[in-house]
Amino acid sequence: MTNIISFPGLGIGEFEIKEAAFPFLFGRDVMWYGIILTLGIIAGFSYALFRSKRENITSDDVLDYGIYCVISAIIGARLYYVLTSLDRFIGETVGETLYNIVAIWDGGIAIYGAIIAGAIAIIIVSKVKKIKVMSALDMISPGVMLGQIIGRWGNFVNAEAFGEATTLPWRMGIRNEYYPETIYVHPTFLYESLWNLIGFVIINAFYKKKRYNGQIFLMYITWYGFGRMLVEGLRTDSLMVGSFRISQVLGFA
């Protein structure tokens, strides 16, 4: 699908963005969203490698964290989305339902699921390798934030995860097959990306002055959680549990 994006209040007229980067196997395309997320993962891993000496963790151990965390995060991101949107995945047969649940290539992941599952993987790997859990979390969490800064631009390419209608100068215009008439909305992907960028700069500058293991991790979840709580309140596609925006509740927690 092609999205027509604009930021008229900033003097940026309409331009096209194709969601597909190039064709791949079996009639499926490689999507820009996947490429951008992959770049975010690489950036996060590189940051963890950069901080590993500070935490006395070997590069081989960082590689193990990367492998297990990425696999766990993908599974967690999918399960979180499925469990909070279960009605969308129920098919006429058990086989169809299972296919719908597994078919991540048709879209549907949530960052909180990735964070939770990734954190569990870090704890397990740390226990097996006898590495201090909080040191590992300090080493990895700013890299996760860096990955989130980059990854949110995948939402931009897909023209998704936007907020309510607005007339503010920085409003984003969207036109595609779902919105044949241009809508002007809060670019919440940009809000979250910029919020995380500010947090990353602050946390990275503070890293060498940390007073105890786990302090960097606590700064990360506090900064990200508070920002996500605010931004989530503007979005129109929040995952709901009853009458609650579940990601907003988790952000507050």
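The values are calculated or read from the model by the stated rules, or taken from the named source; none is laboratory data. Note that the coordinates shown come from a computational prediction; the quantities given were computed from them, not determined experimentally. Here Cβ is always computed from backbone atoms with ideal geometry, including for glycine, and neighbour counts include all displayed protein chains. For the accessible areas, the whole protein counts, side chains as well, though only heavy atoms, and no ligand, DNA or RNA atoms are used. Shrake-Rupley method; radii C 1.70, N 1.55, O 1.52, S 1.80 Å.
What to note about this one:
- Residues of segment 233-243 satisfying the condition of being without any contact (Cβ under 8 Å) to a residue 24 or more places away in the chain and either open to solvent by less than 60 Å² (accessible area, probe 1.4 Å) or closer than 18 Å to VAL82 by Cβ (or both): GLY233, SER238, GLY242
- The single condition among (1) open to solvent by 70 Å² or more (accessible area, probe 1.4 Å); (2) outside any loop (DSSP other than H, G, I, E, B); (3) within 28 Å of ILE4 (Cβ to Cβ) that ILE221 does not meet is (3).
- Of the residues making up segment 85-103, those that are surrounded by fewer than 17 Cβ atoms within 10 Å (Cβ to Cβ) and part of a helix (DSSP H, G or I) are LEU86, ASP87, ARG88, VAL94, GLY95, GLU96, THR97, LEU98, TYR99, ASN100, VAL102.
- The listed residues are TYR207, TYR184, and the only one of them that is part of a strand (DSSP E or B) and over 19 Å from the mean Cα position of the chain (by Cα) turns out to be TYR184.
- Qualifying residue in segment 17-31 (condition: farther than 30 Å from LYS210 by Cα, touching a strand residue (DSSP E or B) at 6+ places or on another chain (Cβ under 7 Å) and part of a helix (DSSP H, G or I)): no
- Some residue of segment 143-165 being part of a helix (DSSP H, G or I), closer than 16 Å to ILE221 by Cα, at pLDDT 95 or above and over 13 Å from the mean Cα position of the chain (by Cα): no
- Segment 201-226: number of residues that are closer than 20 Å to LEU49 by Cβ and of a type in the set (A, V, I, L, M, F, W, C): 6
- Taking the listed residues VAL128, VAL133, VAL62, the one that is surrounded by 20 or more Cβ atoms within 10 Å (Cβ to Cβ) and either more than 20 Å from the chain's Cα centre (by Cα) or among the polar types (S, T, N, Q) (or both) is VAL62, with no other qualifying.
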